[in-house]
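Following: one structure in structure tokens, then a few remarks.
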Amino acid sequence: MKLMKGAESFSFTSSSPVGVLVIQGFTGTTSSVYYLGKCLAEKGYNVEGPCLSGHGTKWQDLNKVKYTDWIRDVEDAIEKLKKRSKRVYVAGLSMGGTLALYLAEHHPEVSGVILVNHAILLHDPRLPLLGILKYFIKSTPAIGSDIKDPTQKEIAYDRTPTAGAHEMIKLLSIVRKDLSKVTAPTLIFKSREDHVVPIDNAEYTLERISSKRKELIWLENSYHVATMDFDKNLICDKTAEFIGGAK
């Protein structure tokens, strides 16, 4: 099936021994993290940005995949990156951050983790009912393009698939249980105003990971899709600084 323009996987190669895996969020596309990936490539790093299964086509396709498909996507991408990088970092926006944490939990070779408005806790009272609701309600209103900058628009689905959302909730639960296994240096970016992922996600993760080096940077001028918003250059610069100083 043909992908939307801007939803394709992307890759940048350099002579650097450092690689960064950049992961998109739920119902979005790689376009949401392309700026970050390109920026890091311009700073000299190898970069992989995989298109997650069920994304970038039509929202109905996201009701056909399992959370294990997304894990396979990022596992494949990190193996591809490792072939040309001695050190690998994982970065993710929203559910992409959840997947980055999963990789850090299961791959001790990960050199560092960068999270942008990552999802680990969601408080919507309807979520526990998704296992039943998905059989009767195929989709709910869209969650994409939560961006403060009026000149930017995320390429994302115009509906939120309920079966797909149920798979995301399963992923969050699995990753949440193993947060203490994360020992790699971790940098967390969190928007003060985020209309998709609650603000308490940042400190929840910060308190539970076992990383000796960990930092939380508050974003004052962006909404959820901060990698496309007013703070996108701050995210890129601080990420490169983090990678340069991580041991």
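The values are calculated or read from the model by the stated rules, or taken from the named source; none is laboratory data. The model shown is predicted, which means the values in this text are computed figures rather than measured ones. In this analysis, Cβ positions are derived from the backbone assuming ideal geometry, glycine residues included, and neighbour counts consider all displayed protein chains.
So the values come out like this:
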{"item": "Flag if L52 is part of a loop (DSSP other than H, G, I, E, B), in contact with a Ser or Thr (Cβ under 7 Å, 6 or more places away or on another chain) and free of Cβ contacts under 8 Å to residues at least 60 places away in the same chain", "result": "no"}
{"item": "Filter result for S191 (among the small types (G, A, S) and within 22 Å of P141 (Cβ to Cβ))", "result": "yes"}
{"item": "Filter result for the condition that a residue is within 18 Å of E241 (Cα to Cα), among the aliphatic types (A, V, I, L, M) and modelled with pLDDT of 95 or more, over L62, L40", "result": "L40"}
{"item": "Condition met for I120 (in contact with a Gly (Cβ under 6 Å, 6 or more places away or on another chain) and assigned to a loop (DSSP other than H, G, I, E, B))", "result": "no"}
{"item": "Single residue of I188, I235 found to be in contact with a Phe, Trp or Tyr (Cβ under 7 Å, 6 or more places away or on another chain) and touching a residue at least 24 places away in the same chain (Cβ under 8 Å)", "result": "I235"}
{"item": "Residue selected from segment 23-45 under the condition over 15 Å from I114 (Cβ atoms) and not small (G, A, S), by the criterion surrounded by the fewest Cβ atoms within 10 Å (Cβ to Cβ)", "result": "E42"}
{"item": "Residue within segment 73-80 that is at pLDDT 95 or above and either in a strand (DSSP E or B) or over 16 Å from the mean Cα position of the chain (by Cα) (or both) present", "result": "yes"}
{"item": "Only one of I114, I155 that is among the β-branched types (V, I, T), under 30 Å from N46 (Cα atoms) and out of contact with any strand residue (DSSP E or B) (no Cβ under 7 Å at 6 or more places or on another chain)", "result": "I155"}
{"item": "Filtered residues of segment 225-242 (kept if aliphatic (A, V, I, L, M), surrounded by fewer than 24 Cβ atoms within 10 Å (Cβ to Cβ) and either within 14 Å of G37 (Cβ to Cβ) or in contact with a Cys (Cβ under 8 Å, 6 or more places away or on another chain) (or both))", "result": "A240"}
{"item": "The lone exception for P128 - which of (1) in contact (Cβ under 8 Å) with a residue 24 or more places away in the chain; (2) part of a helix (DSSP H, G or I); (3) farther than 18 Å from E105 by Cα it fails", "result": "(1)"}
{"item": "Residue under evaluation I147, criteria (1) touching a residue at least 40 places away in the same chain (Cβ under 8 Å); (2) over 19 Å from Y34 (Cα atoms), criterion not met", "result": "(2)"}
{"item": "Entirely in segment 139-210, the strands (runs of 3 or more DSSP E) that have 1 or more residues that are touching a Pro at 6+ places or on another chain (Cβ under 8 Å) and farther than 23 Å from I71 by Cβ", "result": "139-141, 159-161"}
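Every residue, every condition in (1) within 19 Å of I217 (Cα to Cα); (2) out of contact with any His (no Cβ under 9 Å at 6 or more places or on another chain); (3) at pLDDT 95 or above, yes or no:
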site: S94; (1), (2), (3): yes, no, yes
site: G97; (1), (2), (3): yes, no, yes
site: L101; (1), (2), (3): yes, no, yes
site: P108; (1), (2), (3): no, yes, no
site: H118; (1), (2), (3): yes, yes, yes
site: L127; (1), (2), (3): no, no, no
site: K134; (1), (2), (3): no, no, no
site: A142; (1), (2), (3): no, yes, no
